[in-house]
Amino acid sequence: MKTKITFLLALLIGLSFGFAQQDEECMTKLSIFHEYVKAKNYDAAYEPWMAVRNKCPKFNNAIYVDGEKILTDKIKKSAGADKVGYINDLIKLYDQRAEYFASKTPKGKYGALSCQLMYDNREELGKSPEELYEGFDAVYQADKKNFKNPKSLYTYFSLMVELYDANKRPAKDLFNKYDDIVEKIEDEIKFASGKLNALVAKEEGGTTLTSKEGKYKKYYGQVLSAYDKIASGIDGKLGPRANCDNLIPLYTKDFDAHQADGIWLKRAVSRMYHKECTDDPLYEKLVKAYDETAPSADTKYFVGTVLFKNGKENEAINYFKQSYDLEEDTFKKAGLANRIGLILKKKGRYGQARTYFRNALKLNPSNGRPHLSIAAMYAASANSCGTDNFTKRAVYWYAAQEANKAARVDPTQKKNAAKSVANYKAKAPTKSEIFSKGNSGEVIRIGCWIGGSVTVPGI
């Protein structure tokens with residue numbers, strides 16, 4: 001018995017020594033490859049990295065963080081069979097990371113990276129659109145929360161369009177996937193906007209942001225710019241495929257089966273509205289069914305659009321007010337206010353439109369579009385809001401001031417704002433006209449619905 005115990009102790013001590021020795025070797029080589037990676041010397045990092053990866057796959061997550069950089073570099077520098085080998089190894093690395101460090105490897109993020117890698121190299125890997133789409137779809141369905149990479153969301157939808165164009169997916173699937181991804185993008189924009197709004201409010205209140213807050217402001221601005229770009233891209237991808245000639249027969253055919261399905265009705269009404277299919281009797285039928293099935297801020301808004309179409313503008317505005325009052329979600333309420341403002345702007349109801357645009361800005365100050373809409377209404381009113389040629393054109397300075405605000409709060413609108421400002425300033429009085437008038441520095445009151453003032457620039 002004593003002999004057995006002695007043998008067991010010796011075995012345990014030997015195993016412990018072995019593990020300690022292994023850890024020491026892995027630690028040494030990990031330190032070596034990590035320093036090489038920091039210096040971006042990926043070729044030198046490859047051998048010690050592979051040694052640690054093969055010997056101690058559970059040792060440290062740096063194996064997978066640095067390994068992704070090493071293999072990405074190898075893929076860029078290689079071709080042919082070597083490149084395919086490195087691509088497949090990176091896909092394998094993502095799988096190994098998920099196996100050994102599951103808590104640090106959300107499927108929605110790393111599964112999407114793996115799928116995107118296959119898509120970007122689909123010719124080399126011989127991947128079909130069906131295979132690629134099924135891969136993205138499996139990841140999306142498994143972990144929608146963390147599937148938020150803008151590029152991958154765009155690729156995911158692009159593959160659906162490709163399958164639809166090849167008659168391998170019906171229109172119903174295409175439109176449902178579009179709605180699904182657009183709603184996902186809206187959720188991500190809502191989150192990033194909330195973070196950015198807090199920083200914008202602090203800055204607009206006169207408080208200087210800390211260095212860390214400044215970096216966060218830049219980051220969330222970049223996030224919003226990325227989603228704004230792919231949202232436009234996805235709309236472009238859908239393009240003429242979602243025209244009235246396709247939507248009306250589809251929704252007419254499916255209406256009886258879905259007339260009490262609030263989600264289906266919401267998507268059908270929204271699609272018909274955004275694709276300007278509102279003149280067809282089906283639109284009104286869908287709106288009524290939607291309002292009866294799931295009355296909400298959303299349904300009241302769409303009822304308002306029907307009333308507007310039928311020339312009942314005052315009734316429509318009342319429904320818009322109901323819609324706005326009913327909406328409790330701050331981000332959605334801001335979007336709703338902006339949409340109502342755009343409708344009223346189009347109808348020439350500038351004073352009412354500005355009220356909604358300003359409400360949108362209070363609720364979501366990092367969205368600069370309402371500022372641009374207000375500026376456009378000011379510019380359109382220049383001939384009506386002055387007593388002579390000079391004061392009428394002075395309104396363009398006021399419009400330029402408003403447009404400038406969009407650039408200050410919204411990184412996605414800097415280019416649009418700059419164009420608007422340049423356009424308005426070009427229409428305002430020139431320096432020679434200011435000199436002739438002799439009113440540099442004078443405050444000009446702007447009448448009519450605008451009710452503001454602007455200072456004549458110095459010369």
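Laboratory data are not the source of any read-out in this text; all were calculated from the coordinates shown. On a predicted model such as this, the values are computed, not experimentally measured, just so you know. Note: ideal-geometry Cβ built from the backbone for every residue, glycine included; neighbour counts use all protein chains shown.
Relative to the present Cα-Cα distance, how much length would full extension add between residue 235 and residue 275 at 0.36 nm per residue of separation?
Here the segment from residue 235 to residue 275 would lengthen by 13.3 nm.
Which percent of Cα-Cα pairs in segment 322-363 sits in each 5 Å bin, short to long?
6, 30, 33, 21, 8, 2
With a cut-off of 13 Å, note down the residues of segment 211-249 whose backbone N falls inside the zone around a label point 7 Å from the Cα of residue 165 toward its beta carbon.
236-241
Give the relative contact order (percent, whole number) for segment 379-459; include only Cα pairs under 8 Å separated by 6+ residues. Write down the numbers at each step before the final one.
Details: 105 pairs, mean separation 24.0, N = 81.
Relative contact order comes out at 30 percent.
Taking the convex hull of the alpha carbon atoms in segment 379-459, what volume per residue do you get, in Å³?
It is 93 Å³ per residue.
Measure up 92/237; 148/419; 145/332; 266/309; 109/215 against 25 Å on the Cα-Cα distance and list the ones that go over. Write down the numbers at each step before the final one.
Details: 92/237 32 Å; 148/419 31 Å; 145/332 19 Å; 266/309 19 Å; 109/215 23 Å.
Check vs 25 Å cut-off fails for 92/237; 148/419.
Can you list, by residue number, the Cys in the chain that have no neighbouring cysteine C-beta under 4.7 Å?
For the chain, the answer is 115, because their Cβ atoms have no other cysteine Cβ under 4.7 Å.
Placing unit charges on C-beta atoms (Lys and Arg positive, Asp and Glu negative, everything else neutral), compute the dipole magnitude of the chain about its Cα centre in debye, rounded to 20.
1520
Would you kindly state how much longer the chain becomes between residue 213 and residue 146 on full extension, computed as 0.36 nm times their sequence separation minus their alpha carbon distance, in nm to one decimal? Write out the running numbers ahead of the final one.
Numbers: separation 67, 0.36 × 67 = 24.12 nm, distance 2.39 nm.
Value of the extension gain: 21.7 nm.
Residue 187 to residue 408: extension gain in nm, 0.36 nm per residue of separation minus the Cα-Cα distance?
Stretched fully, the residue 187-residue 408 segment lengthens by 77.2 nm.
If I model a spin label at residue 137 and residue 388 as a point 7 Å from the Cα along the Cα→Cβ vector, what separation in nanometres do I get?
With each label placed 7 Å out from Cα toward Cβ, I get 7.1 nm.
So the label point goes 7 Å from the Cα of residue 40 along Cα→C-beta, right? Which residues of segment 66-99 then have their backbone N under 19 Å from it?
Zone members listed by number: 66-78.
If r is the Cβ-Cβ distance from residue 329 to residue 24 and R0 is 56 Å, what FRET efficiency results, to the nearest 0.05? Can you show the working numbers first?
Details: r = 55 Å, r/R0 = 0.99.
Efficiency, rounded to the nearest 0.05: 0.50.
For the pair residue 436 and residue 256, what calculated FRET efficiency results from E = 1/(1 + (r/R0)^6), where r is the Cβ-Cβ distance and R0 = 60 Å, to the nearest 0.05?
It comes to 0.25.
Taking the chain on its own, what percent of its Cα-Cα pair distances exceed 29 Å?
On the way: 67317 of 105111 pairs.
Percentage above 29 Å: 64.
Averaged across orientations, what area in nm² does the convex hull of the alpha carbons in segment 10-164 project?
Over every viewing direction, the Cα hull of segment 10-164 projects on average to 10.7 nm².
Just rank 65, 409, fewest to most, by other beta-carbon atoms within 10 angstrom.
Least to most surrounded, the residues fall as 65, 409.
Between residue 285 and residue 422, what is the FRET efficiency for a Förster distance of 35 Å, r being their Cβ-Cβ separation, to the nearest 0.05?
Efficiency at R0 = 35 Å is approximately 0.15.
What aspartates and glutamates could a cross-link reach from residue 217, if we take a straight Cα to Cα line under 20 Å and drop same-chain neighbours fewer than 8 places away?
Within the straight-line limit of under 20 Å, residue 217 reaches these aspartates and glutamates: 186, 187, 188, 203, 204, 228, 410.
When the helix-only estimate is applied to the chain (DSSP H runs of n ≥ 4, each -39,500 (n - 2.57), divided by the residue count), what is the mean residue ellipticity at 222 nm, nearest 500 deg cm²/dmol?
So the helix-based figure for the chain works out to -25500 deg cm²/dmol.
Would you kindly give the portion of the calculated P(r) for segment 199-314 that falls above 21 Å, as a percent of all Cα pairs?
In whole percent, the share of Cα-Cα pairs in segment 199-314 beyond 21 Å is 55.
For residue 76, which lysines qualify as cross-link partners when the Cα separation must be under 16 Å and same-chain residues fewer than eight apart are set aside?
40
Could you tally the net charge around residue 314, taking each other residue with its Cβ under 12 Å from the Cβ of residue 314, Lys/Arg +1 and Asp/Glu -1?
Neighbourhood net charge equals +2.
What aspartates and glutamates sit close enough to residue 38 to cross-link, taking a C-alpha to C-alpha distance under 18 Å and skipping anything fewer than 8 places away on the same chain?
List returned: 47, 66, 68, 73.
Considering the Cα trace of segment 20-105, what is its radius of gyration and what is Dmax, both in angstroms?
12.6, 41
For labels at residue 453 and residue 173 in the simple 7 Å Cα→Cβ model, what's the distance in nm?
Here the answer is 6.5 nm between the modelled labels.
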